[in-house]
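Computed from the coordinates by the stated procedures, all read-outs in this text should not be read as laboratory data. All figures in this text were calculated on a predicted structure; none of them were measured in a lab. Please note: Cβ atoms are built from the backbone with ideal geometry, for glycine as well, and neighbour counts cover all protein chains shown.
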Amino acid sequence: MTAIRVPADRDERLPHKNPAATAAPTEPAAPVARKGLLPVVLTATFMSALDFFIVNVAIPSMQRHLGASPAAIQWIVAGYSLALAAGLITAGRVGDIVGRRRLFALGLGLFTLASAACGLAPDVAFLIGGRIAQGLAAALMGPQVLGIIRTSFHGKAQARAITMYALTMGLGAVLGQLIGGVLIKADLFGTDWRACFLINLPIGAVTVALVNRCVPESRAPERPRLDNVGVVLVTAALVTLALPLIQGRSAGWPVWTWLSLAASAVLFAVFTAHQRHLGARQGSPLVPPELFRGRAFTVGAVAQLLFWSGQGSFFLILALYLQVGRGLDALTSGVVFTALGLGYFATSLRADLVAARLGRQTVALGAVVMALGLALLWAGTEQIGTTGGTLRVVWLVPGLVVDGVGMGLVIGPITAAVLTRVTPQLVGAASGVITTLQQVGGAVGIALLGIVFYDALGSAGPAGYGHAFQAGLAVLVVVELVLAGLIQLLPHDS
């Protein structure tokens, strides 16, 4: 198995109707993975992660060229996130049924076409539609990548593949601003912000052409049926949860946001009851309840939600501090972000080796190191103060590097901790849950930390961004320490 081993704990030794779902998987030896498999699936992963972050850099140019209102800009950003979050669980299960390679190729092709639509958009409405289409296509791809990795690699090779997946996810997030800034600054063929989307066309076309050659087909061993009622319930629940989280703060938290959150809670409760009922009748629930009977998956899933709530909000407040508080342009701000990437790159490539020695404590160590990095950032912000030139942001570099080091020790091992005990029958469902928690966690974190950040900012203007950034960092330090404690609930030798 992978570097983070998750043997059965006491809960998992209890008899269940489907013990294979929580017991250590007994699978035949995996065939040798096809040459080029990882580059193909990870290229798609990088494109999807990049497009989540790169659009923030392009917003000023979009406003100038398309005359986009603040509300329209918000939908250009939120449309992608909302569609992505709403489609992931369903797409994971559909991949189990129709084939993960088939759905991955479809998602990648549609993502490439949607990128073209965004890059060639004649007006704001067309661009918003393109972004929603991008999000839906990314939802088709995302769970299939983890499912393909889980079923194509075993043992050390699987641990290494998950490490590379984590590296790709992190680099897409960290380098999004830098790549966007470079593309806009270069203004290739006069494309300006459109290059941020059009760059996906050649990359996507080549990757689609390689899918059949490099990626093996895989399905659940027993072909489950699609739970159509579950699809409707979970999609409605995710939309009613994500929409107010994404738009609530900027809209001033009107009544509809609270009604939407209440409706989401009801829908999730109904969805859970439906899944249990279907599972008890030997049906094919969209999210099989046996996934959560084992402590490893349940704790790992909560840890994913907590970790990504911190990451999504951290990237937001750092970008705001650099670009509004310090007056850096998108390219210079992106260069500052590379300090985070350097630390991340240094440890993420070796995270599987560290996990082979430390097990679950790898994630705890990474979370504590991240807390230290965030504390150093707080101190660096204090040194910068409210005046001075651009070069003063060098005080942030040590904290960013240390935070990146911690990130590299968390993202891969925390994903492995959730996936390693899942049988092939449930890989797609588990992958859909994991990727959904990543997106929902980001939305929850941005909504909650946004309240802290903007309350601390008040009406102080750019001079107050340092104080607001520090307030956010203080909350994030607590989040990382809670994560380190939560990981102790994983099985002892995981």
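Going by alpha carbons, how many degrees (0 to 90, nearest 10) lie between the helix axis of 255-280 and the longest principal axis of the chain?
In the chain, helix 255-280 runs at an angle near 20 degrees to the longest axis.
Rounded to the nearest 500, what is the 222 nm mean residue ellipticity of the chain from helices alone, with -39500 (n - 2.57) per DSSP H run of 4+ residues and division by all residues?
That calculation yields -25500 deg cm²/dmol at 222 nm.
Using Cα pairs closer than 8 Å and at least 6 residues apart in sequence, work out the relative contact order for the chain, in percent.
26 percent.
For each of 150, 326, count neighbouring Cβ atoms within 10 Å of the residue's Cβ, then give the residues from fewest to most. Can you show the working numbers first?
Values: 150 28, 326 24.
Lowest to highest Cβ neighbour count: 326, 150.
What is the packing order of peptides 225-234, 356-365, taking the mean over residues of other C-beta atoms within 10 Å and listing the highest first? Before the final figure, lay out each step's value.
Values: 225-234: 17.2, 356-365: 21.0.
The densest-packed peptide leads the list: 356-365, 225-234.
From the Cα gyration tensor of the stretch 61-159, with a ≥ b ≥ c the square roots of its eigenvalues, which class applies: rounded if a/c is under 1.5, or else prolate if a/b is larger than b/c, or else oblate?
It comes out prolate by the Cα gyration axes.
Going by the alpha-carbon gyration tensor, a ≥ b ≥ c the square roots of its eigenvalues, is the stretch 171-255 rounded (a/c under 1.5) or, if a/c is not under 1.5, prolate (a/b greater than b/c) versus oblate?
In terms of gyration-tensor shape, oblate.
Whole-Å semi-axes of the chain's equivalent ellipsoid, largest first, each the root of 5 times a Cα gyration tensor eigenvalue?
Numbers: eigenvalues 234, 132, 104 Å².
Semi-axis lengths for the chain are 34, 26, 23 Å.
As a footprinting exposure proxy, order 193, 395 by other Cβ within 10 Å, with the fewest listed first.
Details: 193 26, 395 18.
Going from least to most buried by this count: 395, 193.
May I ask for the angle, rounded to the nearest 10°, between helix 427-457 and the longest principal axis of the chain, with both axes built from Cα atoms and the value confined to 0 to 90°?
Helix 427-457 sits roughly 30 degrees off the main axis of the chain.
Principal axis lengths of the stretch 194-323 from Cα atoms, whole Å, largest first?
55, 50, 28
Would you kindly work out the equivalent ellipsoid of the stretch 417-494 from its C-alpha gyration tensor and give its semi-axes, the square roots of five times the eigenvalues, largest first in whole Å?
Numbers: eigenvalues 254, 53, 9 Å².
So the equivalent ellipsoid measures 36, 16, 7 Å along its semi-axes.
Relative to the longest principal Cα axis of the chain, at what angle does helix 37-66 sit, 0 to 90 degrees, rounded to 10?
So the helix axis and the longest Cα principal axis differ by about 30 degrees.
Could you calculate the FRET efficiency of residue 394 with residue 185 from 1/(1 + (r/R0)^6), where r is the beta carbon distance between them and R0 is 25 Å, rounded to 0.05? Before the final figure, lay out the partial values.
Details: r = 22 Å, r/R0 = 0.86.
Computed FRET efficiency for residue 394 and residue 185: 0.70.
For the stretch 227-285, what is the largest minus smallest coordinate of the Cα atoms on each principal axis, given in angstrom and ordered from greatest to least?
Between the extreme Cα coordinates on each principal axis of the stretch 227-285 lie 46, 14, 11 Å.
For a quick check: sort 453, 189, 315 by the number of other beta carbons within 10 angstrom, fewest at the front. Walk me through the numbers before you get to the answer.
Working: 453 25, 189 9, 315 22.
Fewest-to-most ranking of 453, 189, 315: 189, 315, 453.
As I understand it, the dipole of the chain uses +1 on the Cβ of Lys and Arg and -1 on the Cβ of Asp and Glu, about the Cα centre. Which of 74, 448, 310 lies farthest toward its positive end?
About the Cα centre, the residue reaching furthest to the positive side is 310.
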